[in-house]
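A.B. asks: I'd like to ask you about the structure that follows.
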Amino acid sequence: MAALSPEELERFQKLSNEFEPDIQGPLVSVKQSSNAIAADYANADPTLAAKTSALAVTHSTSRIMKGDGNCGWRAVAFGYFENLLSLQDALLIQREASRIKSLCTLLDRVGQQEHLYEIFVDATDQVFSELLEAVNQGIRDESFLVESFNNEYNSSAIITHFRLLTSAWMKLNPHRYQAFLSMPLDQYCATQIETVKTEIDEVGLQALVDGVIEGSGFAVEILYLDRSVGEAVTPHLLTPSRPSPAVIRLLYRPGHYDLLYRAEPVVNMTPVVNYQYGMTSDYTPWDQTALGFDMNSQLMTIPNLMLDPSYTLNVTPMVPTCSSPYRVPSPQEVYQPPMQTQPIAPVSPPVTPRISAPPPPPITTLPPRSSEGPQIRLNPLVMKSNLSRSLPVTTPFKK
């Protein structure tokens, strides 16, 4: 085979540089199970297979970005807007829209022309407007956001806007990035940041987070799928360790970025049942507001001592008809305050005073037995004429 001439070599090199693989699928996919990622590596290196299997447990869903050279930029941009939607905070969306637009001053400071970048800014503003409208209507479904990012023009315009902001931020803060680059910073920005369909690297990703995302307060975490020791992916936080309202989680596979979502915690919604109460009583609970008298909290703790809710007690004193020593005393006499020396004259209608002091000690001296009258001292509540509507009496006391 004859050697190729310099002209033919140059032509083949140009074709190689301009070659674009025919990658199928949307720019941004819908959420899908992370088991699909584990299936891709099931027959690969055992370390990667173990890590992807563990990843499917801790991060149950993922969103795949099209590997067209913009996947890293697209993943960060989409994750940023998606978190704004999930927070459902209209004020935050308005504040972020104003903040991103104010970053145009960075572009002006590095010599960018407004008439060249304004179309990219308008595409980003349009997404903010759609987010605000969705939040005001209570929409949580991100389908409209996925559709917007799958529009080639809108997606490219937003990504270009973020590329230009990142480049301007790096040029204005060269001391933070130059030491990590193998070329002058201006050259790096021109060839790696501003050029379309050029995949983002670690330095560019950090600059994107510092210059564009950091002001939102969102955290950005990247999980590296590599062959390092261990059975879990290696996480790395790109933002300061602090409480954050939302987190953008990226999965990095060599040359490619996707979005990850943590598994939602399972909340046990089984109601708590008091089985002890269910075994001892079938009555309805006490309702203090439905009673015609003041409840005694100690009595309410006795099991099965329940009042028929259909009956309202109106406590009235029972006036004795004779001077028999076995008359039924009135409530005022029974619950007389211990320090009271003068009897309280009954009033009409009588009101049973709220007991705020302990009851008097029981009477130890009983009158002599007699065949007349009852042999027990009855409560006035059970001596009413309509005993069928009185307090329920359990079987042992009916005798």
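Quick note: the coordinates plus some simple rules give every number you see, no bench work behind them. Remember, predicted model here, so these are calculated numbers, not experimental data. Because the Cβ atoms are built from the backbone with ideal geometry, glycine has one as well, and the counts that use them run over all protein chains shown.
A.B. asks: Highest mean first, what order results for 217-230, 155-168, 130-143 on Cβ atoms within 10 Å?
C.D. replies: 155-168, 217-230, 130-143
A.B. asks: So, one more: Mind counting lysine pairs for me in segment 25-261? Cα separation below 27 Å, and the two need to be 8 or more apart along the chain or on different chains.
C.D. replies: Lysine pairs satisfying the spacing and distance rule in segment 25-261 number 8.
A.B. asks: Ranking request for peptides 202-210, 121-129, 233-241: highest mean number of other beta-carbon atoms within 10 Å first, then the rest in descending order.
C.D. replies: 202-210, 121-129, 233-241
A.B. asks: To continue, here is another question. Averaging sequence separations of C-alpha pairs under 8 Å and six or more residues apart, then dividing by the length of segment 25-261, give the relative contact order as a whole percent.
C.D. replies: 28
A.B. asks: Just grab the label-to-label distance for Gln113 and Asp45, each label 7 Å out from Cα along the Cβ direction, in nm (one decimal).
C.D. replies: 4.8
A.B. asks: Ok, one more. Give me the number: length gained by fully extending Tyr261 to His236, i.e. 0.36 nm times residue separation minus the C-alpha to C-alpha distance, one decimal in nm.
C.D. replies: Between Tyr261 and His236, full extension yields 7.5 nm more.
A.B. asks: Based on the Cβ-Cβ distance of Glu133 and Tyr153, what FRET efficiency does E = 1/(1 + (r/R0)^6) give at R0 = 22 Å, to the nearest 0.05?
C.D. replies: My answer for the efficiency is 0.60.
A.B. asks: May I ask for the net charge around Ser143, where only other residues with Cβ less than 12 Å from the Cβ of Ser143 are counted and Lys, Arg are +1 while Asp, Glu are -1?
C.D. replies: Net charge around Ser143: -3.
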